[in-house]
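The values are calculated or read from the model by the stated rules, or taken from the named source; none is laboratory data. This one's a predicted model, so the numbers in the text were calculated from it and none came from an experiment. Quick reminder, even Gly has a Cβ in these numbers, built from the backbone with ideal geometry, and neighbours come from all protein chains shown.
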Amino acid sequence: MTPAAPPSRRDRLDRALHRVMSALPIDLCSFFGVLLSGPMGARRYPARDGHARALISRLRPDLPAAEVDAAVSRLWRSTGRTYAEFAACHRILADGRVAIHGRPHLDAALASGRPLVATFLHTGNWELSFLQLAFLAPGRASLIFDPPAAPERAAIALAVRQEAPWRRLLPKSPTVWRGALETLRQPGGILVTAADEDVAGRIGAPSFGRPLRLGSNLGKAARLAMRTGADILPFYCERLGGARFATHVLPPVEAVGDPARDEDVLSVIRRLDDAFTGPTLRLLDQWYMALTFREPLPDGAHAAVTT
């Protein structure tokens, strides 16, 4: 048997940083992410900075250049905080720092006993909101997630997520949607998945005037919900300031129709896309996917999404 390769210098540094930040008070841990956002943000990733700047300028043509610069700076700071807060996720939740807006929508969905597809945006600190859902429905929810490429970061992320009472953790793979279907076929099963997945810079949602895609996460969520009788519950996280947040739970979207009919699936995708567009526009300076969004938008798209 070939012995395992020793941890790389980067792996050792990641583990050491995680241990240090896990020991810091919550607010200091979060602020450490602001300090990291300088050397690890725009200077290290100028292409990502350019993607965010171009997208915000296109979607918000009313903003002068100085305000676009400020929005991109806030995005990097929020992203840095989110990475650092990974070491304090469970303490942030236990400290009551994540309020829930739209709680009646969530309570009704959980109490119904029906399967549920809960789909979220990468805004604020999204990790907190889906961990919060796992604790509110212990043993019922499965999470689809994309592991970090770096081995040590992937191990850290898995360990943090395993502290929550998930039914299953489903890393992205060719068979991940099979596992998702199995979850939704269980009594009261809940599937948690991102609405705004990134596939080579093609962000699944919102569409911002682009054609709706049947193969997106929203399309897969719609078909699964139709097949299992599940409702779809959109939600997103907002950073209110520092390490304080709100989970916004939106009204559920009923997935009615035939999952084999593209027209029916597109109807559900359209309602979900509409639900997510407003929050994304409002929180462009917290939307992580703005850093990788590089797909051209159609002419006149900004007029359609800013009115």
On the basis of being aromatic (Phe, Trp, Tyr), more than 25 Å from Cys29 (Cα to Cα) and at pLDDT 95 or above, does Trp166 make the cut? yes
From the list Ser216, Ser207, which one is surrounded by 23 or more Cβ atoms within 10 Å (Cβ to Cβ), under 18 Å from the mean Cα position of the chain (by Cα) and not β-branched (Val, Ile, Thr)? Ser207
Please determine whether any residue of the range 262-269 is among the polar types (S, T, N, Q) and without any contact (Cβ under 8 Å) to a residue 60 or more places away in the chain. yes
Single condition Leu55 does not satisfy, out of (1) more than 25 Å from Phe245 (Cα to Cα); (2) crowded, with 20+ Cβ neighbours inside 10 Å: (1)
Which of (1) surrounded by fewer than 20 Cβ atoms within 10 Å (Cβ to Cβ); (2) in a helix (DSSP H, G or I) does Leu128 not meet, given it meets every other one? (1)
Look through the range 144-156, keep the residues that are closer than 17 Å to Glu197 by Cβ and surrounded by fewer than 18 Cβ atoms within 10 Å (Cβ to Cβ), and return whichever of them is farthest from the chain's Cα centre (by Cα). Ala149
Being in a helix (DSSP H, G or I), β-branched (Val, Ile, Thr) and either farther than 14 Å from Ala290 by Cα or in contact with a Phe, Trp or Tyr (Cβ under 6 Å, 6 or more places away or on another chain) (or both) is true for just one of Val34, Val68. Which residue is that? Val34
Evaluate the range 3-11: report whether one residue or more is touching a residue at least 24 places away in the same chain (Cβ under 8 Å) and surrounded by 19 or more Cβ atoms within 10 Å (Cβ to Cβ). no
Of the residues in the range 222-262, how many are crowded, with 16+ Cβ neighbours inside 10 Å, assigned to a strand (DSSP E or B) and not small (Gly, Ala, Ser)? 15
Looking only at the range 278-307, filter to residues that are in a helix (DSSP H, G or I), among the polar types (S, T, N, Q) and modelled with pLDDT of 85 or more; which one of those is farthest from Gly50 (Cα to Cα)? Thr280
Unique residue being more than 30 Å from Arg9 (Cα to Cα), touching a Lys or Arg at 6+ places or on another chain (Cβ under 7 Å) and at pLDDT 95 or above when the list is Val117, Val176, Val72, Val98: Val72
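May I ask you to list the residues in the range 22-57 that are farther than 21 Å from Ala87 by Cβ, of a type outside the set (Phe, Trp, Tyr) and under 22 Å from the mean Cα position of the chain (by Cα)?
The answer is Ala42, Ala47, Arg48, Asp49, Gly50, His51, Ala52, Arg53, Ala54, Leu55, Ile56.
Residues are listed down the side, and each one gets a yes or a no for (1) free of Cβ contacts under 8 Å to residues at least 40 places away in the same chain; (2) surrounded by fewer than 19 Cβ atoms within 10 Å (Cβ to Cβ); (3) touching a strand residue (DSSP E or B) at 6+ places or on another chain (Cβ under 9 Å):
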{"residue": "Pro39", "(1), (2), (3)": "yes, yes, no"}
{"residue": "Arg60", "(1), (2), (3)": "no, yes, no"}
{"residue": "Asp95", "(1), (2), (3)": "no, yes, no"}
{"residue": "His122", "(1), (2), (3)": "no, no, yes"}
